[in-house]
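Below is one structure, written out as C-alpha cells; the observations come after it.
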Amino acid sequence: MTKLCQVMVHFDTPPLPDTGQWLLLALNEKLPEAVVEILRAHIIGLHHFLMLFIMLAFSVLFDSVKAPGLGLGARYMFTMAIGRLLRAITFASTILPSARPWCASARFRVPGHPHPWAQKYYVPYASDANAIRQVIQQDIAYADTGKYLGDYRPDWGSMSFLIDFLRPTPSEGSSWYSLLKKAGGGCNDLLYSGHMLVAVLTAMAWTEAYGGFSSALIWLLVMHSAQREIRERHHYTVDCIVAIYVGILLWKMTGFIWSAKDGTRDSRLTKLGKIQGRLLQAAKDSDMDEVRELLKGVELDRQDSQKKGPSKVMWLFACGTIFFSLTIVVLAFTWTSDG
C-alpha cells in the first residue's frame, strides 16, 4: 500500500488537520510542566498490553480468575482477528496521507515517480477543481496523461504480478522473496489504530475478569497510550477514537461465543426453578423422601451434562485453530524480518 501510494502522497500531500493534535499542543501551554512530562512519558507500550493479555489468559492456573481462562484468551484472539480484518479493509479503501510525511523516504526505497495507476486516476484530478468536476460529470478518467513513466520490472517468473505492488528498484529487485521479507507497516495513515485495538481489547478482557480499581487503572493507561499516539503523530485522533469503540463493540459481540458465566450453575438454577413448587409442597408435607428425590434429579442432570462435555467437532475445531495459529506465528517470524 505504501509503495502504491508512492512519494506524492507522503511528500507532496501535507498531513490532515487534526483537532486532537491542536488540543494537545494547546494543553502543553496551559498545564503544569510536570503533568505535560507525564503525558509525554513512555509509560506503557504495545508489548506491555500483550503481556497483560498473556498473564490474564493463564491466570486461571493460579485461581486468579474463574475458568475457563484459556477461553478468555481464545475470545481475545478471535476478536483480534476480526478487528484486524476490518482494519485492513478500512485503510485499504481510502489512502490517507501520513501524519509523518518523511516516513516513506526514511523507510523505503521507492521510484521517484507515482505508480501508473496513480498517474492515470489520481494525479490529473488531485488539485484541479475543474478537472474533479468534469470527472464527476463524465464518470471516466478522461485526461490524457501521455506515456506513463514505467517501473523497473525484474524477471520474477510466475511471481511477476508482485511487481505492481512492491515496485522494486534495481538495487533490491533481484529476488521477490528477499524484498517481501522486508515487508513492514505502511507509511500512509492506517485507519484505525492497531495499537489502540490491542490496548482496548486487553482492557475489556481485564475488566470482565477482574473489574474494580485495577480495571480503572488499565483504562487510564489506555487513554494515556491514545494521547501519546496522537501527540507523537503515529496516528490521527480519528484512528484512536474509532479503535476504542470498535474494540468495545467487537468484544461485546463475541461474548455469546465464549461466555464468562458458568453455564452449569445457570442450568441447575433453571432446573430448581421448575421444581420449586413441588419442592415447597413436599417440604410443607414433611415428605423428606420426595425432597431427596427432587434434589437427586437435579444432581443427576448436572452429572450428565458434565459427562457429555464438548463434542468431538468442537475439540477438533479448537485443536485445529490452535495449530493453525501457532504455525502462522512461526512462519511469520521465520520468513519476515520482524514478524
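The values are calculated or read from the model by the stated rules, or taken from the named source; none is laboratory data. Since the structure is predicted, the reported quantities are computational estimates derived from the model, not experimental observations. Positions of Cβ are backbone-derived with ideal geometry, glycine not excepted, and every protein chain shown enters the neighbour counts.
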- Query: Name the pairs: first residue in the range 126-139 and free of Cβ contacts under 8 Å to residues at least 12 places away in the same chain, second residue in a loop (DSSP other than H, G, I, E, B), Cβ to Cβ under 7 Å, at least 6 apart or on different chains?
  - Reply: 134/142; 135/141; 135/142
- Query: Which pairs do you get when a residue that is touching a residue at least 40 places away in the same chain (Cβ under 8 Å), found in the range 26-51, comes within reach of a residue that is in a loop (DSSP other than H, G, I, E, B), reach meaning Cβ atoms under 9 angstrom, with the pair 6+ apart or on two chains?
  - Reply: 39/31; 40/232
- Counting only residues that are among the aromatic types (Phe, Trp, Tyr) and part of a helix (DSSP H, G or I), which one in the range 193-230 is farthest from residue 59 (Cα to Cα)? 219
- Message: Which count do you get for residues in the range 191-230 that are within 21 Å of residue 78 (Cα to Cα) and acidic (Asp, Glu)?
- Response: 1
- Note on the structure: Counting only residues in the range 27-61 that are of a type in the set (Gly, Ala, Ser) and part of a helix (DSSP H, G or I), the one farthest from the chain's Cα centre (by Cα) is identified as 34
- Being touching a Pro at 6+ places or on another chain (Cβ under 7 Å) and of a type in the set (D, E, K, R) is the filter; apply it to the range 144-168 and report the residue that is nearest to residue 120 (Cα to Cα). 151
- Residues of the range 186-202 satisfying the condition of being touching a residue at least 60 places away in the same chain (Cβ under 8 Å) and out of contact with any strand residue (DSSP E or B) (no Cβ under 9 Å at 6 or more places or on another chain): 186, 187, 192, 194, 195, 197, 198, 199, 201, 202
- Task: Give me the pairs, please: first residue somewhere in the range 151-163 and more than 11 Å from residue 175 (Cβ to Cβ) and among the polar types (S, T, N, Q), second residue anywhere and part of a loop (DSSP other than H, G, I, E, B) and at pLDDT 75 or above, beta-carbon distance under 8 Å, and either six or more positions apart or on two chains.
- Result: 160/153
- Task: Taking the options 21, 6, name whichever one is surrounded by 14 or more Cβ atoms within 10 Å (Cβ to Cβ) and either at pLDDT below 90 or outside any helix (DSSP H, G or I) (or both).
- Result: 6
- Query: Within the range 239-246, is even one residue touching a strand residue (DSSP E or B) at 6+ places or on another chain (Cβ under 9 Å) and at pLDDT 70 or above?
  - Reply: yes
- Quick check: is even one residue across the range 152-159 over 30 Å from residue 326 (Cα atoms), outside any loop (DSSP other than H, G, I, E, B), at pLDDT below 80 and not aromatic (Phe, Trp, Tyr)? yes
